[in-house]
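Step one of this worksheet: look at the structure below.
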Amino acid sequence: MSTHTTQRSEYDGRTGYAKGDADDRRPRAVHRTEEPPYAWRAPFSSYFYREVGYTLTGLPIAIVGFVTAVALFSLGLGTFVTVLGLPLLAGLTALARGFGRLERARVRGLLALDVPGPEPVRPRPGFWGAITARLADAAGWKAVLYQVVMFPWAILSMTLSLVFLSVGWTLALYPAYHWVFARWTDWPGYRLFDFTNGSGHHVYYIESPLQIAGVCLVGLLFVFVTPQLVRGLTNVSRLAARGLLGR
C-alpha cells in the first residue's frame with residue numbers, strides 16, 4: 001500500500017510528467033518548439049511542408065470528429081429523458097478529450113506548438129458519480145466545441161493549401177515541361193484558351209520565351225505567397241488549440 005501511494009505522489013497529473021523531473025521538462029504554458037523560417041526560404045523549409053501536412057491530413061480527422069460529436073450530442077439530447085441520454089453525453093466528452101489529445105499531438109509535431117493538456121477529470125464515487133463528473137467536465141465540452149467549429153475550417157485550409165501549392169509549382173516549373181506539348185500534341189505550347197464567338201475563332205498558346213518567363217514568374221509569386229497563406233491558416237488552428245484544447 002505504501003509503495004502504491006509513493007508512486008502516485010511521484011506523478012503529476014496536471015503536467016503529465018514525473019514530479020522529480022527537471023523544471024525544463026515540465027511544460028507550464030503554451031510555447032513554440034521551433035521558430036518559423038524567413039519568408040525567402042519558407043517555400044523550401046521542412047517547417048512549411050509540415051504545416052501543409054497538417055492542413056492536408058486535418059480534414060479526415062475533422063470529419064470523424066465532427067460526425068462523432070454531432071451524432072452523440074443529437075442522440076444524447078434525443079434520449080435525455082431516459083437513463084441512456086446522460087451516459088451518451090458523458091461518453092461524448094470523454095471521446096472529445098481523446099480527439100483533443102490527438103489534435104494536440106498533431107499541433108505539437110506539425111505546427112511546432114506545445115499545448116499542455118487540461119486538468120484531468122475529478123473522479124466522483126459510483127457509476128453515476130463518474131457520469132456526472134464527465135457531464136461537468138468543461139474541458140471535455142470545449143473539446144466538443146473544437147470538433148464542431150474546426151470542421152469547416154479544416155475544409156477551407158485543405159482546399160486553399162492544396163490549390164495554391166499545386167498551382168504555384170505547376171506554373172513555376174512550366175519551362176521544364178513546355179517541350180512536352182510540342183512533342184506529344186499538336187499544340188505549340190500550353191493552350192490557355194480556345195473558343196469561338198461572333199468575331200471568330202480565338203486560341204492562345206503559351207509558347208514564346210517571354211510568355212514562358214511570365215508564367216514562371218507568376219508561379220514563383222504563388223510559391224512564395226503560399227507559405228504565408230498556409231501560416232495564416234494554421235495560426236487560426238494554433239489559436240483554437242490553445243483556447244479550446246489547452247488547460
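Charge dipole (Cα centre; +1 on Lys/Arg Cβ, -1 on Asp/Glu Cβ; no other charges) of the chain amounts to roughly 880 debye. A Gaussian network model of the chain, with springs between Cα atoms under 10 Å, assigns the largest mean-square fluctuation among 208, 161, 237 to 208.
Computed over the alpha carbons of the chain, Rg followed by Dmax gives 25.9, 94 Å. Here's the picture: charge each Lys and Arg Cβ at +1 and each Asp and Glu Cβ at -1 in the chain, and of 94, 227, 123 the one pushed furthest to the positive end of that dipole is 123. Let a ≥ b ≥ c be the square roots of the eigenvalues of the Cα gyration tensor of the range 155-195; is it rounded (a/c under 1.5), or, if not, prolate (a/b larger than b/c) or oblate? Cα axes put the range 155-195 in the prolate bin.
Amide H contacts of residue 205 (H built 1.01 Å from N, in plane; Pro and chain starts excluded): 192 sit under 5 Å, all sequence-distant by 5 or more or on other chains. Computed extension gain for residue 217 through residue 31, at 0.36 nm per residue and net of the alpha carbon distance, reaches 63.2 nm. Per residue of the chain, the DSSP helices (runs of n ≥ 4 H) give a summed -39500 (n - 2.57) that works out to -22000 deg cm²/dmol at 222 nm. Spatially, the range 72-91 and the range 201-247 are offset by 44 Å when compared through their Cα centroids. Subtracting the Cα-Cα distance of residue 74 and residue 229 from their residue separation scaled by 0.36 nm leaves 52.2 nm.
What shape does the range 41-92 take by its C-alpha gyration tensor, where a ≥ b ≥ c are the square roots of the eigenvalues and a/c under 1.5 counts as rounded, a/b above b/c as prolate, and the rest as oblate? Taking the square roots of the gyration eigenvalues as a ≥ b ≥ c, the range 41-92 is prolate. For the options 233, 165, 156, a Gaussian network treatment of the chain with springs between C-alpha atoms closer than 10 Å singles out 156 as fluctuating the most. Longest stretch of the chain clear of exposed loop sites (chymotrypsin sites (Phe, Trp or Tyr not before Pro), DSSP loop, at most 16 other Cβ atoms within 10 Å, sites excluded): 81-247. Between 182, 69, 42, the Gaussian network model of the chain with springs among Cα atoms under 10 angstrom shows the greatest mean-square fluctuation at 182. Site pair residue 160 and residue 102 shows an inter-label distance of 2.5 nm when each label is modelled 7 Å from Cα along Cα→Cβ. Let a ≥ b ≥ c be the square roots of the eigenvalues of the Cα gyration tensor of the range 47-147; is it rounded (a/c under 1.5), or, if not, prolate (a/b larger than b/c) or oblate? It comes out oblate by the Cα gyration axes.
A short reminder: the numbers here are calculations on the coordinates, not readings from a lab. Just so we're clear, the structure is a prediction, and the values are computed from it rather than from any experiment. Cβ: placed from backbone, ideal geometry, glycine included. Neighbour counts: every protein chain shown.
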